[in-house]
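The block underneath contains the structure these notes are about, expressed in structure tokens.
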Amino acid sequence: MRGPAGHQTARSDVLLFAGCLALALLALSLPRRWTLTFAAALRQTALRPIVALRSRAAQDRTLRFDVEQVRRSRDSLALLVQQHDGLRRENDELRGLVGVRARLNHPSVSAEVLHQPALTDTRMLLLDVGSANGVRMFDPVVTADGLLGSIVSAGPHSSSALTWVNPDFAASAVTADGRVSGFVHPAATTSGANSLLELDGVALRDSLAIGTVVMTAGAGGTYPMGIPIGRVVAIGREENGYDRTYRVVPFAYPGAASHVLVLVSPRDSVYPRAPPAVPRP
Amino acid sequence: MMPLRTTDRRRSRQGDRMRVAFVLGLLLAVEFYLQPSMIEPRRGAPDLLVLALLLLAIRRTPGVAALIGFVIGLVIDVLTPARFGAGILAHVLVGWGAAWGRALFFADNLMVNAALFFVGTWMRDMLMLVFSGTPLRDLPAEALVWAPLQSISTAVVGVIVVLVFRDWLAIRIET
């Protein structure tokens, strides 16, 4: 049987537990904007050594194991650039002839993904670049294979990217031939243990073949036009009697991404970002 | 056997703490540098932070274990902000549960330790998934594929740690 001292310990335990629980519930109920700011501030101060250590670890892994792969990618890209050089020149001349403005280049910042072992890691990735590198909120994040997501919070030296696995993800999409457009979002079904995307809002008359490549449409101002998203693998449900949903297997998986590109402004979009508000005189 | 004097006992307790702190420091170094610098990121990789929490929780009172869970959960939430607070809540509950569980089982047995690491990691994963608002459709795959995979890998690493540092991590029942 416990004595008075034992009762004291048990009471302090319960108080500690209740306090931790209350703080955890408070953290869970805070608005996302506040929590992202708070997390970014902690990453910048108390946890900065950990973020720096993880970033260093990712760079060391690349130096140790990925050099051969990087060399192969560089060689094949050099070949591709040589082959496309004539095509690009021809495209520029044609644009000049019809009076279309030159296509915008997308400056990019390369980043390492600092993966965490938590199972929710794929929904929100931590990147080792931030506002000091020119990264801002809503900048798209891509890999060599395709779209991953966009930045939701950018601290000076690290940032968080919301990926297509996150239930909050949505992007305007168009087929590679530009014929059919719609919206992609995380699917209500999975393929084995892997998540899928759904292409919504496709009219019944615009049927898509299995294998059709889907890209970003550029509407909305977040994702520029032409980033590959995935490939249609199945026809989903028909909704409202006039449109159909298609299941899309994404090209890029957040869990497997270790190096990504953050596309920074200027971006090619039909809805350019609104200019900052000017105070009235 | 002669009972230990108070100063000897205090010194022995201090030595125990130092040894446990060394093992935990080692786990953190592996978690934050060695593992990411050697292995490609994979889902189901061992989570050494939850292992550190479980190792500490069975050596502390439930309140202190909850507090340690709070700190570890905060670190995880700041580094993986899928839903801030979900990690904190999950780790507080797992820390508290593991410390209370010590009263029900003898934690110096290797198999019991392995089971504790497996169940603790699985519970933590499931709590985190539920609190972070994982859609219902994703839960079966997470609960039956990824969470058990991570729990097994964490339990295997935990057993290796306990075997290597058996003398250092032995729980001494003080009278």
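The values are calculated or read from the model by the stated rules, or taken from the named source; none is laboratory data. All of these numbers come straight from a predicted model, not from anything done at the bench. With ideal geometry, Cβ positions are generated from the backbone for all residues, glycine too; neighbour counts draw on all protein chains shown.
Overview of values
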quantity: Residue count for the range A:202-234, restricted to those that are part of a strand (DSSP E or B) and at pLDDT below 85; calculated: 1
quantity: Filter result for the condition that a residue is in contact with a Cys (Cβ under 8 Å, 6 or more places away or on another chain) and modelled with pLDDT of 90 or more, over B:Leu149, B:Leu67, B:Leu93; calculated: B:Leu67
quantity: From A:Arg136, A:Arg231, residue being under 30 Å from A:Ala52 (Cβ atoms) and more than 13 Å from chain B (Cβ to nearest Cβ); calculated: A:Arg136
quantity: Qualifying residue in the range B:78-88 (condition: more than 8 Å from chain A (Cβ to nearest Cβ) and not small (Gly, Ala, Ser)); calculated: no
quantity: Filtered residues of the range A:37-60 (kept if at the interface with chain B (Cβ under 9 Å from one of its Cβ atoms), crowded, with 18+ Cβ neighbours inside 10 Å and under 15 Å from A:Ser110 (Cβ atoms)); calculated: A:Ala58
quantity: Residues that are at pLDDT 90 or above and polar (S, T, N, Q), drawn from the range A:154-180; calculated: A:Ser158, A:Ser159, A:Ser160, A:Thr163, A:Ser172, A:Thr175
quantity: All helices (runs of 4 or more DSSP H) inside the range B:1-116 with 2 or more residues being surrounded by fewer than 19 Cβ atoms within 10 Å (Cβ to Cβ), without any contact (Cβ under 8 Å) to a residue 60 or more places away in the chain and polar (S, T, N, Q); calculated: B:6-29
quantity: Residue match in the range A:95-112 (condition: hydrophobic (A, V, I, L, M, F, W, C), closer than 22 Å to B:Ala82 by Cβ and surrounded by 11 or more Cβ atoms within 10 Å (Cβ to Cβ)); calculated: yes
quantity: Candidate set from the range A:24-36 (those that are at the interface with chain B (Cβ under 8 Å from one of its Cβ atoms) and not aliphatic (A, V, I, L, M)); member that is farthest from A:Gly155 (Cα to Cα); calculated: A:Ser29
quantity: Listing of strands (runs of 3 or more DSSP E) fully contained in the range A:111-201 that carry 2 or more residues being closer than 22 Å to A:Leu42 by Cα and in the same structural domain as A:Thr222 (by TED's automatic domain parsing); calculated: A:124-127, A:147-154, A:159-163
quantity: Sole residue being away from chain A (no Cβ under 13 Å), of a type in the set (Val, Ile, Thr) and over 15 Å from the mean Cα position of the chain (by Cα), chosen from B:Val164, B:Val130, B:Val112; calculated: B:Val164
